[in-house]
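Everything on this sheet refers to the single structure shown next.
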Amino acid sequence: MRPLECSWDRMKALVYHGPGKKTLEDRPVPELQAPTDAIVRITHTTICGSDLHILKGDVPSCQPGRILGHEGVGVVEKVGAGVTAFKAGDPVLISCITACGTCEFCRSAMYSHCATGGWILGNEIDGTQAEFVRIPHADMSLYAVPADTDIKGLVMLSDVLPTGFECGVLNGRVSLGSTVAIIGAGPVGLAALMTAAFFTPAEIIMIDFDQHRLDAALGFGATRVINATDGQAVATVLKITDGRGVNTVMDAVGVPGSFENCQDMVAVGGTIANIGVHGVKVDLHLEHLWSRNIMITTRLVDTSTLPLLLRTVCSGKLQPATLITHHFELADILSAYDTFGHAASTNALKVMVSA
Ligand SMILES: [Zn+2]
Ligand SMILES: [Zn+2]
């Protein structure tokens with residue numbers, strides 16, 4: 001971390017230059033563009049699976065020249081005249097979702113579909129993998145952080161924890177004494193696991209191919225883990241549940257096979273909650289499911305639960321910093337990408353990047 005001096009007008013930023021290409025380069029420090037903007041000096045950011053999707057060329061809305069990153073915490077540097085909730089010097093958490101607070105979608109707390117916001121950071125506008133970022137609609141898109149909080153772990157609240165909680169746990173109707181299976185023990189699957197515990201389900205079964213991630217899941221509160229390498233994940237879940245299947249199954253992978261497994265292990269009356277980003281079509285087996293009283297849910301994270309999650313973290317009840325396995329400085333963010341992009345060999349979950 002380095003203090004800002006008034007004369008500085010350049011900053012380091014991680015810039016996307018088309019599929020497979022990214023560089024760490026000098027860019028101008030962003031300026032306020034609207035009265036509702038804030039400029040935030042980033043102290044900590046991280047890399048998301050979505051950043052890797054962008055780098056594969058899977059996200060056409062993200063054009064070459066874009067500074068990546070939609071997660072971070074920092075300190076407000078300056079605010080526009082229309083910002084009332086924050087002032088220079090305030091420590092803040094940045095939501096991955098930008099929200100105006102007044103459009104039809106925001107009024108329904110569906111911030112992810114905000115008419116002038118949604119997931120635009122590090123996608124349609126410059127993001128957080130830099131020393132400074134411009135946050136539009138700052139009053140609704142930033143969250144105050146109590147000054148004495150260890151803000152590093154809060155980076156996990158920008159996206160990962162609300163995604164697991166909202167798309168997986170809340171949509172999946174996890175409840176006291178219920179049975180839950182989570183397919184995919186990556187950071188978001190583990191975030192769903194951590195927050196599912198709020199509702200004290202009887203059983204939380206984590207399923208993955210990576211034994212290291214499954215071992216980690218046991219530490220995060222999974223009651224059982226299943227290594228799916230042998231192709232027997234569905235059979236094992238049915239065996240554990242006396243043939244009934246689970247009340248909630250979450251797809252935290254987002255490929256046709258994971259969604260098929262969800263359909264094969266959901267109990268009568270249960271819920272399939274999709275979290276994964278699906279890039280290709282999947283088969284829906286209504287010939288089996290039509291009579292089983294199930295529900296299928298989809299959602300883009302709204303981060304509407306951030307105030308609740310923030311309180312839970314500040315009180316020490318939820319410890320998101322445990323998802324962080326590696327630490328880097330912004331100057332080494334290319335190494336951070338290498339480590340995160342090769343998670344199978346580096347055992348990375350989330351990487352912390354300090355600016
Ligand atoms: Zn993300
Ligand atoms: Zn809106």
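Compared with the alpha-carbon gap, the fully stretched path from E260 to E329 is longer by 20.8 nm at 0.36 nm per residue. The loop-placed chymotrypsin sites (Phe, Trp or Tyr not before Pro) in segment 208-297, going by DSSP, that have at most 11 neighbouring Cβ atoms within 10 Å of their Cβ come out as W290.
When the Kirkwood radius is taken over all Cα pairs of the chain, what Stokes-Einstein diffusion coefficient follows at 10 °C and 1.306 mPa s, in µm²/s? Each step should come with its number before you reach the end.
Values: Rh = 20.7 Å.
My calculation gives 77 µm²/s for D.
Computed from label points 7 Å out along Cα-Cβ, the spacing between L289 and L308 is 2.5 nm.
Starting from the alpha-carbon convex hull of segment 43-194, give the projected area averaged over all orientations, in nm².
Working: hull surface 41.7 nm².
If I average the Cα hull's projected area over directions, I get 10.4 nm².
Here is how the number arises for the chain: DSSP H runs of 4 or more residues each give -39500 (n - 2.57), the sum is divided by the residue count, and the result at 222 nm is -5500 deg cm²/dmol.
Based on the Cα gyration tensor of segment 1-97, what are the three equivalent ellipsoid semi-axes, each the root of five times an eigenvalue, rounded to whole Å and given largest first? Before the final figure, lay out each step's value.
Values: eigenvalues 130, 47, 33 Å².
Result for segment 1-97: semi-axes of 26, 15, 13 Å.
With 0.36 nm allotted per residue and the present C-alpha distance subtracted, the K317-L24 stretch has 101.8 nm of extension available.
Over the chain, Cα pairs under 8 Å with separation of 6+ residues give a relative contact order of 17 percent. If you take the beta carbon distance between T116 and Q211 as r and set R0 to 51 Å, what does 1/(1 + (r/R0)^6) give as a FRET efficiency, to the nearest 0.05? Efficiency computed from Cβ-Cβ geometry: 0.70. Given a cut-off of under 8 Å on Cα pairs at least six residues apart, what relative contact order in percent is computed for segment 157-271? After rounding, I find 27 percent.
List the lysines whose Cα sits under 26 Å from the Cα of K152, skipping any in the same chain fewer than 8 residues away. Candidates past the 8-residue exclusion: K12, K22, K78, K87, K317, K350. Applying the criteria of a DSSP loop state and at most 15 other Cβ atoms within 10 Å to the trypsin sites (Lys or Arg not before Pro) of segment 1-103 yields K21, K87.
First measure r as the distance between the Cβ atoms of F198 and A81, then evaluate 1/(1 + (r/R0)^6) with R0 = 41 Å and state the FRET efficiency to the nearest 0.05. Intermediate values should be presented prior to the final figure.
Numbers: r = 40 Å, r/R0 = 0.97.
It comes out at approximately 0.55.
From the C-alpha coordinates alone, can you work out the Kirkwood hydrodynamic radius of segment 162-297, in Å? One decimal place: 14.2 Å for the Kirkwood radius. Model label points for I296 and V277, set 7 angstrom from Cα along the Cα-to-Cβ axis, are 2.1 nm apart.
Bear in mind these aren't lab numbers, they're just calculated from the coordinates by the rules spelled out. All of these numbers come straight from a predicted model, not from anything done at the bench. Please note: Cβ atoms are built from the backbone with ideal geometry, for glycine as well, and neighbour counts cover all protein chains shown.
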